[in-house]
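Working notes, beginning with the structure itself.
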Amino acid sequence: MKRPSPWLLPLLLLAACGEKKPEAPPPPPPPPATVEGLAALPAEAHVVVGVNAPRLRGSALVRRAYARSFGDDPQTRSGLEALMTRCAFDPARDLDSVLVGLGARRAAEVVLVARGRFDEAKLVECLRASLAEKGGTLETRTVAGATAYLAARGDSPDKVWLAFGGPDTLILAGEEAWLAKARDPGAPKVKGSPETMALIGKTDTTRGLWGVGTLPPELAGALAGATQGAVTGPVSALYGSVDVDKGLSAEANLVMATDADARGLVEFGGKQLQSLTVMAQSVGLAPVVAKIKLHADGRIARTTIHLDAAELEALEAQLDGSALQPKEGVPQ
């Protein structure tokens, strides 16, 4: 019997090694970097509103308003509480802050950035089940390289996009384009806008509610026509804040074109307050109107009001439906 060539085995081994092995599938791309706070608001947002949840939670006014809102509808309140338990999320316990950015062109140009304690898996499953009960859907998508969700109700044309910017950040948007602007760490953000950040720097962002904004041209010049010539130039921006931690403290500031416009607006507003005081007397609110103060500070026209806890409670009682009756002896 003929023996095989001594070169046969090495040649077979070389042939086997030369066979192309199936390629392993490429690893999935890493998720984009986290985004949060002002670094998640698109640069196109011309209005920014902030809410400090812990500050509002401590407010007696907010607690009373919440109780009144469900006073005549215990079924809705129990349903809401059941939903919060099901979703493992209670705003009064788990929400820290909310930022809202608004665009200037369409109502859908809105982004909400919430910071708190979120269980993504439970929250997504809860939303999907709750929407399904109403004939809606929650679809999983990919936006800006991140997992995103499109929520739609069966009886409404409105849709909401949502994604998580990180373990403690939930982002909601009115359209996919704005969710992409918010979730993409490399997209321009409000935090990189000198004009908006300068306004935020002038605002007391530690209060329960605050906001800043720049006005589009069609609105910026509207005040001139409404003030009977007291103001001649446009309003370039506004900023302010509200606190209801102990009583009520609110401030609104309009950035005018000139110092003269700021003074003119304050003078015009003072005359309007005089007329308002007369009308407020008929329902006993004149002391509250008297607390409204106007003054000009350079180009800033400033409005403030401060009520202590007792004054605020009295105002609430006065604004209660049956309380708004003309007072005897007060001219109508």
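The values are calculated or read from the model by the stated rules, or taken from the named source; none is laboratory data. These numbers come from a predicted model, not from an experiment. All Cβ positions, glycine included, derive from the backbone under ideal geometry; neighbour counts span all protein chains shown.
A few comments on the model shown:
- Against the test of being modelled with pLDDT under 95, within 26 Å of Arg55 (Cβ to Cβ) and charged (D, E, K, R), the options Glu218, Glu311 yield a single qualifying residue, Glu311.
- Answer from Ala144, Ala114, Ala88 - the residue that is in the same structural domain as Leu41 (by TED's automatic domain parsing) and surrounded by fewer than 16 Cβ atoms within 10 Å (Cβ to Cβ): Ala88
- Sole residue being farther than 21 Å from Val98 by Cβ and not hydrophobic (A, V, I, L, M, F, W, C), chosen from Glu175, Glu133: Glu133
- Scanning the stretch 156-175 for residues that are more than 17 Å from the chain's Cα centre (by Cα) and more than 17 Å from Arg128 (Cβ to Cβ) gives Pro157, Asp158, Gly166, Pro167.
- Residue selected from the stretch 163-172 under the condition among the small types (Gly, Ala, Ser) and crowded, with 21+ Cβ neighbours inside 10 Å, by the criterion nearest to Val51 (Cα to Cα): Gly165
- Screening Arg105 with (1) under 23 Å from Ala180 (Cβ atoms); (2) at pLDDT below 80 gives one miss only, at (2).
- Qualifying residue in the stretch 78-99 (condition: in contact (Cβ under 8 Å) with a residue 24 or more places away in the chain, out of contact with any helix residue (DSSP H, G or I) (no Cβ under 8 Å at 6 or more places or on another chain), closer than 30 Å to Leu199 by Cβ and not in a helix (DSSP H, G or I)): no
- Count of the stretch 245-261 residues which are small (Gly, Ala, Ser) and either under 18 Å from Leu219 (Cβ atoms) or more than 30 Å from the chain's Cα centre (by Cα) (or both): 3
- Selection count, the stretch 173-214, where residues are more than 19 Å from Ala114 (Cα to Cα), buried (at least 18 other Cβ atoms within 10 Å of the Cβ) and in contact (Cβ under 8 Å) with a residue 40 or more places away in the chain: 5
- Flag for Glu133 being in contact with a strand residue (DSSP E or B) (Cβ under 7 Å, 6 or more places away or on another chain), exposed (fewer than 14 other Cβ atoms within 10 Å of the Cβ) and farther than 30 Å from Pro217 by Cα: no
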